[in-house]
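Shown next, in structure tokens, is the structure this report addresses.
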Amino acid sequence: MKLSLSLVLGLGGLCLNASVIERRGSTSWAGTNNYYIHGLSAEEQTSYINALKGFETKVIRLWVTGTSDGRAKSSKTFNVPQYETTIGTYVPETLDALDKVLKQLHDADIKAIISPHDANLLPPAGADKGSVTAKGQYDNRLASILNYKSKAFGGKAWKDPSEVILAFDIQNEPMIASKEKLQNNDPDDWICGRAGNMRKVMANSSVKISTGGLGGSEYSGHELNLIDKALNCQAIDLIAIHGYMTQASQWAPYMPELSNKAAQKGKLVFVEEWGVGSDSSYDSVAKQAAVFTDAGVPWMYWQIIPGKSSPANPSMRAAAANAVIAVYPARLMKRLRWVSRVSERISRLSWARRI
């Protein structure tokens, strides 16, 4: 999770040439993260979601977290309570706020991935992944979220409305503080154990379970988004990659390898978090995105933020326009397919059954 890598989405000033967008053909899809959308006013939520719909974005990642009265990025936010300040005591108003967002997303034909907790909020040493108590406490949190009765969807438990919820992460970057345990294939079984209990709660639901970016940002020497235990875990459907590279060439070696390994186990890979900093030496959003698109790997930018106008600075305006073109290839995300590039023998894995 990177709070500083954001691009303003102008709601009134960005004019994109449709022919330019159409040339960016892709068998993939793209989306964005937004951890505070449920803290915006209803009017700003609507404006933001409608803008995303206009670019035909298909997925947005939401977070079970609180917001405060103040500002987040360019927007005024209002208080939404934290979901669990005392272990085992849950505040339904947090989920109520997210549920209202889900209704608007459904109306706009956009789906959500929901991150039920951010491991970055834990102490630097992280939680004791081997603790039976910690596992039980977190499983209870997950069950309470999955079983939340949606007012927007006729009382359905959140585990069920696949018409709007694509997947639940196990946790955001669940083992970011546990590098050695990831390198040892998660000996405490935090990942698959939690996923298995999620699947028990979800039963036959078609909503998917995603890893949430196991070890945080992917880079040379820190290749911790894919481990054998996750690949072999029957309860896990999606492998989420997080990474903040500066050059497209740094991404290039990872995409085919990660996608191929996952496909061999019947799982799908997507880049759940990535972003481009402001340094002039960094490759552009479009150039880095091309690596994912060429590999048939969907991606979600960190993050496209709601804004009331285009950036005033001309260079920033150009960067934002390029980002929107790259992140939202219009008209080409209606027929969605996540392509496995393993070999002729491995059939294509279609997103039509999942989106």
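Since every read-out is calculated from the coordinates, none of them should be taken as a lab result. Note that the structure is predicted; figures quoted are calculated from it, not measured. Backbone-built Cβ (ideal geometry, glycine too); neighbour counts: all protein chains shown.
Just a few scattered comments:
- Other residues within the sphere of radius under 14 Å centred on the Cβ of Lys129, judged by their own Cβ, net out at -2 (K and R +1, D and E -1).
- Convex hull volume of the C-alpha atoms in region 71-168, normalised per residue: 126 Å³.
- Listing Thr67, Thr32, Thr86 from fewest to most neighbouring C-beta atoms within 10 Å gives Thr86, Thr67, Thr32.
- For region 30-46, the Karplus equation 6.51 cos²θ - 1.76 cosθ + 1.60, evaluated at θ = phi - 60°, returns couplings of 9, x, 9, 9, 8, 8, 10, 4, 6, x, 7, 5, 4, 5, 6, 4, 4 Hz by residue, with Gly and Pro reported as x.
- Once the Cβ-Cβ distance of Gln82 and Glu180 is raised to the sixth power relative to R0 = 41 Å, the FRET efficiency obtained is 0.85.
- For region 116-248, the percent of C-alpha pairs falling in each 10 Å distance bin, counted from 0 to the bin holding the largest distance, reads 12, 43, 31, 12, 1.
- Positive contributions from Lys and Arg (+1) and negative ones from Asp and Glu (-1), summed over other residues with Cβ under 9 Å from the Cβ of Arg61, come out at -3.
- The simple Förster model, with R0 at 25 Å and r as the Cβ-Cβ distance, assigns Glu163 and Thr46 a FRET efficiency of 0.80.
- Listed peptides 56-62, 41-47 by packing density, highest first (mean Cβ within 10 Å): 56-62, 41-47
- Cα centroid separation, region 226-262 to region 101-117 (Å): 24 Å
- Near the amide H of Val80, within less than 5 Å, lie the amide hydrogens of Thr67, Ser68, all on another chain or at least 5 residues away, with H placed in the peptide plane.
- Taking a sphere under 12 Å around the Cβ of Ala203 and counting the other residues whose Cβ falls inside, with K and R at +1 and D and E at -1, yields a net charge of +2.
- Annotation: amide H of Ser150 within the under-5 Å range of Gly155, Lys156, Ala157, Trp158, sequence separation 5 or more or interchain, hydrogens built in the peptide plane.
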